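Notes follow once the structure below has been shown.
Laboratory data are not the source of any read-out in this text; all were calculated from the coordinates shown. This one's a predicted model, so the numbers in the text were calculated from it and none came from an experiment. FYI the Cβ positions are ideal-geometry reconstructions off the backbone, even for glycines, and counts take in every protein chain you see.
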Amino acid sequence: MKRHIFGLAALALVVSAGGASAQTMSFADAGDLIAKACGASIERFCARDDIGTGKVASCLEQNKKDVPAQCFSALQAAEAGTAARLAAQKATFGLCQDDARQFCKGVKPGDANLLDCLLASSKVVSNACRQGLANAGWAN
Amino acid sequence: MTAFTRRAAGLALVAALTLGASFGSVERASAQTPMSSAEITKQLSEVTQFDPSLTAQVLQNMAQRAVQANQPLPLDQSEIAKRLSKLAQIDVQIQFALNSAVIRPQSYGALGSIADAMHHPILWNYRFLVVGNTDTTGTRAVNLALSQKRAEAIKEALVNLGKVDPARLDAVGLGQEALEVPSKPTDPINRRVEIFTIGTMQAMPKPLQ
């Protein structure tokens, strides 16, 4: 019975993580999420591994039986959310191209000038552009 | 970044880089509140005047020569320091395990904020120098090596986890050779990581027609 409940809890976590992955996530939030869900396990089992090398993830995997399931779903959600964020950032100026031509003529791209113009025009830009800016994490 | 605005002296957040000795839980909203990505973006985009001759290699050679000769490196009075101080910069709080370059989990969020800032359009086209510093506790040579490893660990994390283009980042450790407060050499305030905006990647695109 206990195992059954645990299985259900794990399933609920996977489902909620799946739901979250549809959203985009900042790297700051991803870092906080991983620290919160995995921090104790990392300091206990992987204290010598540097997070930038990718060894921490494999270390956590090796100690799977002692690492809480929400750590793995947090890692997954962080990976999916930040990948979605980067994809959204890449796509945003394409989504806003027509709006930029209409509202930002003469604006010199670079130094976020175009973004500033689009944000200043946020009431009139297309829904796709506005949603793109939000998904990229650049909306006000 | 179009306006040439010199940073006010008080603008640079001087935050001690605490060497984690305790493994207890750390309150994020304590005295050391990490900067948000918006604050980082703002500060790193403040100055447009770059100094192309100021590279990681130049700084590293200077620090190594000073340690080998066992000579003080009066970086505060030096031309290099003056030039560094003109660049847009931030002091970041990254906590490392004691005597190691392993970044502690409570700093993952702060690292993420730096990555977010570097992905923002205002900083898209810019390159950065990550500089690690220690206080004078321990030996100079060890401090120099440790600070280099820590600066590299931050670059590695920004690249592999934060997905920042490695071509945009240089890392250098200056050990105890560039004290923040030379009158208090052992003060932990000297342990810090600085990030400088050092140049552009490519020419800015043309205006929309």
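Each listed q (0.17 Å⁻¹) maps to a log10 I(q)/I(0) for the range A:88-140 from the Debye sum over equal C-alpha point scatterers, namely -0.40. The distance linking the range B:135-152 with the range B:157-175 is 18 Å (Cα centroid to Cα centroid, whole angstrom). Ordered by the number of other Cβ atoms lying within 10 Å of each residue's own Cβ, fewest first, B:MET201, B:MET62 fall into the sequence B:MET201, B:MET62. Mean per-residue shielding of peptide A:115-126 is 1, counting Cβ atoms of other chains within 10 Å of each Cβ.
Taking the Cα atoms of the range B:132-209, the ratio Rg/Rh between the radius of gyration and the Kirkwood radius comes to 1.16. One decimal place: the segment A:LYS90-A:LYS64 gains 5.9 nm when fully extended, by the rule 0.36 nm per residue minus the C-alpha distance. Applying 0.36 nm per residue to the separation of B:THR137 and B:LYS184 and subtracting their alpha-carbon distance, the gain on full extension is 15.8 nm.
Remark: the range B:77-209 is approximated by an ellipsoid whose semi-axes, taken from the C-alpha gyration tensor as √(5λ), come to 28, 18, 11 Å, largest first.
Counting, for every residue in A:79-87, the Cβ atoms of other protein chains within 10 Å of its Cβ and taking the mean gives 2. Put simply, the amide H of B:GLY173, placed in the peptide plane, has neighbours under 5 Å in B:GLY132, B:GLN148, leaving out anything fewer than 5 places away on its chain.
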